[in-house]
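The next block holds one structure in the form of structure tokens; read it before the comments.
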Amino acid sequence: MQWDLGPQGIAVLAGLSIAFGGIAIALLWHRAEAWIAGVVGAAAFFASGVFISEVWFGWATEAELQPNIDGLSFDEVLIAFLVGVPILVVIRLMLRHRTAPRLAH
């Protein structure tokens, strides 16, 4: 069976990705570069979600993958957290070791 990710499936995956990026920003809110973690985290979540849904589980039938939202294997896409969280940890470590410029008084 060929899986085609439809507009509703893309919208759900984009919403999950934006929520993941928002969580990343909220966790790193005290850093000026927190938006970088949000953007990178959301992009990584989206890319890994597409890969998981369309490549990794693309062979399965619709009956085997429930819930299926317009071609998006929803439960399986949640595995993308296993990709996104380590990326956020690396970004957090990189931001922690980066020295902030000092302002002159």
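The values are calculated or read from the model by the stated rules, or taken from the named source; none is laboratory data. Bear in mind that the values here come from a model prediction, so they are computed numbers and not experimental data. Here the Cβ is made from the backbone with ideal geometry for all residues, glycine too, and neighbour counts use every protein chain on show. The area values use the complete protein model at the heavy-atom level, side chains included, leaving out ligands, DNA and RNA. Shrake-Rupley method; radii C 1.70, N 1.55, O 1.52, S 1.80 Å.
A full extension of the chain between Ile79 and Trp29 corresponds to an added length of 15.5 nm, given 0.36 nm per residue minus the alpha carbon distance. The charge dipole of the range 1-91, taken about its Cα centre with unit charges on the Cβ of Lys, Arg, Asp and Glu (plus for the first two, minus for the last two), comes to roughly 460 debye. Measuring only protein heavy atoms, the 1.4 Å probe finds Trp56 accessible over about 130 Å². The modelled label-to-label distance for the pair Val90/Gln66, using points 7 Å beyond Cα in the direction of Cβ, is 3.8 nm.
Taking 0.36 nm per residue of separation and subtracting the Cα-Cα distance, what length does fully extending Val39 through Ala19 add?
6.1 nm
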